[in-house]
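See structure below.
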Amino acid sequence: LYPHTGGAFTIGVTGPTGTGKSTLVDKIIEEYRKRELSVGVLAIDPSSAFTGGALLGDRVRMMDHSLEKKVYIRSMASRGDLGGLARAARNTIRVLDAAGMDVIIVETVGAGQTEVQIASTVDATVVVLMPQLGDEVQAFKAGFAEIGDLFVINKSDIVNPAKTIYNIASGLQVKDGWRPPVLKTVAVKGTGIPAVVDSLEKFQKHLEAGGLREKRLRKRIESELVDAAFSDFYHQTVRRLGDQKELDSLVARVVKRELDPETAASRLVGIISKMGERA
Ligand SMILES: Nc1nc2c(ncn2[C@@H]2O[C@H](COP(=O)(O)OP(=O)(O)OP(=O)(O)O)[C@@H](O)[C@H]2O)c(=O)[nH]1
Ligand SMILES: [Mg+2]
């Protein structure tokens, strides 16, 4: 499929839990459909730490659109494997891209390592927040400021968002010639959605002009290759170490205090590089 990818504009939508991301995505799909573009959606659901099951409510909520031909919605459970999730998400995005979707939206929750990784796999990242006292400060501490290309203050019907907008906008920096806009929406009513999509289209043009999109893509591919190679190498190495006596004997010597863990670790590096030579 890979040669057929590269045509889609990819958007990550993230933010704290319950800020209205899925509702907003729903309306963004509608707006893009009005503009006659096809939309693929990948919803990465938070999984419960207790059951390991995923909450597929998002999929149900967005089902209205999945009946349409030009909209395809898919949910993915997070299952707690961070690196694996970002990798699976990247490749799922590629399937949607090759299938000819004009726009692909990925919804994630939070600003953990996964969201940052996923933000680094899309063209544009939308951070969805709510106008609540102190919320903006905490959210920014959680690392949203660095990943957002566009900020949406949703649920503007509940509390006047002016102060939140001001606080967030004044903390943002111009990055690659782009000052991230801060927009207010009421997703449940569809208020402010055309302006969000206008901003996304403006950002898309900004990326394409001046070769910024390709510059960012090079960085993304570089980290993808390094991540994927190291992850494969790690799993292969752990498996092969399991078949060897050397690790066992190092462990035994550290347990007996004949060797300290740091020295043992550097010997292990030696053993691993020799394994590579033998392969
Ligand atoms: N008052 C108000 N409620 C909203 C708005 N947007 C969404 N909601 C409601 O907020 C709740 C959460 O919305 P979701 O779209 O599920 O939020 P989410 O960010 O996707 O939630 P998670 O995926 O669980 O993090 C729902 O009950 C929505 O109906 C809004 O603009 N105003
Ligand atoms: Mg959601």
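The values are calculated or read from the model by the stated rules, or taken from the named source; none is laboratory data. All values reported here derive from a predicted model rather than from experimental measurement. Glycine gets a Cβ as well: all are built from the backbone with ideal geometry, and neighbour counts include every protein chain shown. Heads up: the accessible areas ignore ligands, DNA and RNA and are worked out on the full protein's heavy atoms, side chains in. Shrake-Rupley method; radii C 1.70, N 1.55, O 1.52, S 1.80 Å.
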Which cross-chain or sequence-distant (5 or more) residues have an amide H under 5 Å from the amide H of residue 105, H modelled 1.01 Å from N in plane? 11, 40, 41, 42
Order by protection proxy (mean Cβ within 10 Å, highest first), peptides 117-125, 84-92: 117-125, 84-92
Multiply the residue separation of residue 98 and residue 221 by 0.36 nm, subtract the distance between their alpha-carbon atoms, and state the gained length in nm to one decimal. 42.6 nm
Between residue 191 and residues 5 or more places away or on another chain, which pairs have amide H atoms under 5 Å apart, with H built 1.01 Å from N, and which residues are they? 186
Label model pair residue 179, residue 158: point-to-point distance (7 angstrom along the Cα→beta-carbon line) in nm is 2.9 nm
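Could you tell me what percent of the accessible area of the range 189-279 is made up of carbon and sulfur, with a 1.4 Å probe and every protein chain present?
Roughly 57 percent of what the probe reaches on the range 189-279 is carbon or sulfur.
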Taking the dipole of the range 124-250 about the Cα centre (Lys, Arg +1; Asp, Glu -1; charges at Cβ), the one of 247, 225, 203 that reaches farthest to the positive side is 203
Provide the per residue accessible area, probe 1.4 Å, for the range 164-221, rounded to a whole number of square angstrom. 60 Å²
Residue span residue 88 to residue 263: 0.36 nm per residue of separation minus Cα-Cα distance leaves a gain in nm of 59.4 nm
Amide H contacts under 5 Å for residue 183, placed H, 5+ residues apart: 151, 152, 153
